[in-house]
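In what follows, a structure is listed as structure tokens, so that the remarks can point back to it.
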Amino acid sequence: GDMLHPGTLAGRFPGLAQRVHGEPLAYLDNAASTHMPREVLDAMQAFEERSRANIHRGVHTLSERATAAYEQARARLEAFVGADARHEIVFTSGTTESLNLVAHGLSDAGIGAPLLRPGDEIVVSVLEHHANLVPWQAAARRCGARLLFLRPDREGRLHADDLARLLGPRTRVFAVTACANATGERPPYEALLALAEEAGALTVLDAAQAMAHEVPALAHLACDFMAFSGHKMYGPMGIGVLAGRRTALERLAPLRLGGDMVESVTETQASFAELPARLEGGTPNVAGAVGLAAAADFIDEVGRARIDAHVRALRSHAVAGLSALPGVSVLSPASVDSAIVSFTADGVHPHDLGTLLDARGIAVRTGHHCAQPLLDCLGVGPTTRASFAIYNSHEEVERLVDAVAPALEMLR
Ligand code: PMP
């Protein structure tokens with residue numbers, strides 16, 4: 001109904017109804033973190049007020065309620081990502097922990113022989129956020145494996161034939177993003193993952209920038225591990241998911257050793273619990289999981305296709321408006337499947353531009369966006385990034401473009 005129209009949705013997000021420096025907030029930093037709708041906040045508060053207790057350990061009523069809430073959230077996320085019987089959902093603190101869990105889990109010798117051996121190869125795309133690069137650097141160092149790079153072309157695009165040339169008998173892992181957070185480029189990850197899987201590699205998808213949008217069902221992807229964060233999909237901070245094939249997750253050494261992830265323990269040895277508990281040591285973020293499940297409900301209620309159509313239209317509008325300004329270059333201008341517009345302006349430092357925009361109530365991100373190798377490879381420095389969500393409007397895009405133009409004049 002009307003309540004779901006993008007123009008009226010903003011009213012469901014309490015965090016958006018405020019003024020910044022006397023101006024109505026135009027929140028255009030959604031690739032960093034989105035705001036949460038009222039129903040997500042309510043679900044978390046209801047859990048804390050009615051069911052707060054530690055899970056899995058107690059026989060008392062609140063502990064049973066908390067356990068049920070946590071496992072219902074897991075089942076909700078399973079459906080949300082389009083998992084099938086081969087898959088398992090592991091809760092983490094976010095994409096960073098999910099990716100560390102995979103890279104560490106394939107290279108750690110703490111509880112058994114790691115999968116990665118000296119001379120093995122790990123292929124990583126250069127579009128990656130540092131969270132999908134630095135853990136692989138550490139894993140390679142730990143195991144004497146080699147890191148190989150799938151580099152983009154000058155427009156920042158990845159190509160399957162480049163990947164085909166990098167894959168070989170020693171390729172053990174291929175890791176790629178579903179959307180580059182620094183440029184908004186949406187690589188052909190379905191084809192890239194399939195190619196890597198054919199070559200016998202374990203495949204890793206960083207879906208942090210994709211989960212609020214249209215993503216193929218996990219069951220239809222050649223994907224062993226998929227990582228994402230709650231706070232980029234209208235959910236809370238401090239909760240995320242590592243979704244994957246059970247056979248692949250079973251190869252991971254746990255990152256967190258301790259309570260709840262063991263089967264039996266003696267003074268000198270431990271045997272480990274089954275998935276997913278095996279990878280979820282310690283007390284989990286139950287309210288976070290509940291909030292994330294509510295965020296999945298919100299996205300499905302609005303519809304991913306509807307969200308995508310809206311944010312793509314906002315991006316096109318912003319790309320057209322910003323590219324028309326003198327000395328402005330938009331990165332990945334042709335990437336249609338994206339909610340992110342990242343740009344540079346000759347002679348202007350993004351930090352100064354971001355500060356002037358903030359004075360007008362407009363929130364954007366500036367800097368390297370945790371993707372320095374990508375910007376180096378493209379030969380650009382820090383950028384200014386606006387990123388859109390379902391609650392943003394075309395009027396806000398106009399405010400952005402109208403504010404950038406005089407700011408550039410003032411700074412030049
Ligand atoms: N990967 C990508 C593509 C991202 O955009 C981000 C967040 N900027 C991350 C990983 C890291 O996510 P988190 O900080 O939630 O762990």
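The values are calculated or read from the model by the stated rules, or taken from the named source; none is laboratory data. Quantities reported herein were computed from a predicted structural model and do not represent experimental measurements. Neighbour counts run over all protein chains shown; Cβ positions are idealised from the backbone, glycine included. With ligands, DNA and RNA removed, areas are computed over all heavy atoms of the protein, side chains included. Shrake-Rupley method; radii C 1.70, N 1.55, O 1.52, S 1.80 Å.
List of remarks:
- Residue in segment 76-84 that is under 15 Å from Glu250 (Cα atoms), in contact (Cβ under 8 Å) with a residue 40 or more places away in the chain and not polar (S, T, N, Q) present: no
- Restricting attention to segment 110-134, the residues that are open to solvent by less than 30 Å² (accessible area, probe 1.4 Å), within 11 Å of the ligand (Cβ to nearest atom) and not small (Gly, Ala, Ser) total 4.
- Within segment 29-41, restricting attention to residues that are away from the ligand (no atom under 15 Å from the Cβ) and aliphatic (A, V, I, L, M), the residue that is surrounded by the most Cβ atoms within 10 Å (Cβ to Cβ) is Val40.
- Residues located in segment 116-125, provided they are hydrophobic (A, V, I, L, M, F, W, C) and either modelled with pLDDT under 95 or outside any loop (DSSP other than H, G, I, E, B) (or both): Ile122, Val123, Val124
- Residues of segment 343-401 satisfying the condition of being open to solvent by less than 60 Å² (accessible area, probe 1.4 Å), among the β-branched types (Val, Ile, Thr) and without any contact (Cβ under 8 Å) to a residue 60 or more places away in the chain: Thr344, Thr366, Val380, Thr384
- Qualifying residue in segment 101-108 (condition: of a type in the set (Gly, Ala, Ser) and at pLDDT below 95): no
- Restricting attention to segment 347-375, the residues being within 16 Å of the ligand (Cβ to nearest atom) and assigned to a loop (DSSP other than H, G, I, E, B) number 5.
- Pairing residues of segment 92-105 that are touching a residue at least 24 places away in the same chain (Cβ under 8 Å) with residues that are more than 9 Å from the ligand (Cβ to nearest atom) and part of a helix (DSSP H, G or I), at Cβ distances under 6 Å and at least 6 apart in sequence or on separate chains, gives Leu99/Pro135; Asn100/Pro135; Ala103/Pro135; Ala103/Trp136; Ala103/Ala139.
- Residues being of a type outside the set (Asp, Glu), open to solvent by 10 Å² or more (accessible area, probe 1.4 Å), away from the ligand (no atom under 14 Å from the Cβ) and touching a residue at least 60 places away in the same chain (Cβ under 8 Å) - total across segment 150-187: 5
- Scan segment 92-109 for residues that are near the ligand (Cβ under 9 Å from one of its atoms), outside any helix (DSSP H, G or I) and either among the aliphatic types (A, V, I, L, M) or surrounded by 21 or more Cβ atoms within 10 Å (Cβ to Cβ) (or both) and the total you get is 2.
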